[in-house]
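Asks: There's a structure below that I have some questions on.
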Amino acid sequence: MSDAAPKKQTKPQTKRIGGPRKPPSKVTLDLDELGGPPPEDHPLLELVTALTHAQATWCELLILNGGVRRLKRESLELSLDRKIVLLGKVMPKLEGEFLEMVRRTLRDIRGYRRDFPRTEASNHEQADKAQRILDEIPEV
């Protein structure tokens with residue numbers, strides 16, 4: 001005989017076949033129970049999309065700035081300009097912590113642009129729009 005403790009018996013899980021559905025847990029609520037998905041023109045959807053893309057592009061530029069080819073850098077800068085303009089359009093629809101998240105991100109991007117000034121933008125009109133939006137963000 002061995003001195004090891006006997007294995008603990010686990011209760012087999014019963015499967016619900018043809019019976020009533022298991023009620024949803026806190027984690028598995030249906031969108032219908034939450035009032036459905038937000039409408040497609042909801043500012044929160046615009047915010048999430050624009051903010052995450054702006055932050056991702058800004059991070060890529062921070063990482064790649066040192067030894068990246070000029071064309072790749074300009075492509076990222078152009079993409080960042082588009083995200084800044086998009087965030088500038090959605091900002092008037094936001095308030096509270098969402099507005100502050102956007103402002104904080106734009107301040108970070110403005111700091112990046114001050115540290116690594118752009119030499120020549122391929123789309124001057126869009127670059128000027130983006131710079132005006134960054135200049136309008138209040139300092140903390």
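The values are calculated or read from the model by the stated rules, or taken from the named source; none is laboratory data. As the structure is a computational prediction, the values presented were derived from the model and not from experiment. As a convention, Cβ positions derive from the backbone with ideal geometry for all residues, glycine included, and neighbour counts pool all protein chains shown. Accessible surface areas use protein heavy atoms only, side chains included; no ligands, DNA or RNA. Shrake-Rupley method; radii C 1.70, N 1.55, O 1.52, S 1.80 Å.
Asks: What net charge is computed for the residues neighbouring ALA121, neighbours being all others with C-beta under 14 Å from the C-beta of ALA121, Lys and Arg scored +1, Asp and Glu -1?
Replies: +1
Asks: For GLU139 and GLU40, what is the calculated FRET efficiency with R₀ set at 25 Å and r taken between the beta-carbons, to the nearest 0.05?
Replies: Using R0 = 25 Å, I get an efficiency of 0.10.
Asks: Also, quick follow-up: Taking the full set of protein chains and a 1.4 angstrom probe, give the accessible area of HIS53 in square angstrom, rounded to the nearest 10.
Replies: 90
Asks: How far, in nm, would the chain grow between MET101 and LEU71 when pulled straight, counting 0.36 nm per residue and subtracting the alpha carbon separation?
Replies: Length gained, MET101 through LEU71: 7.8 nm.
Asks: Please work out the FRET efficiency for the pair VAL48 and LYS129, using the Cβ-Cβ distance as r and a Förster radius of 25 Å; give the result to the nearest 0.05.
Replies: Efficiency computed from Cβ-Cβ geometry: 0.70.
Asks: Report the gain in length on full extension from ALA56 to ALA121: 0.36 nm times residue separation, minus Cα-Cα distance, nm rounded to one decimal.
Replies: Net length gain for the segment: 21.4 nm.
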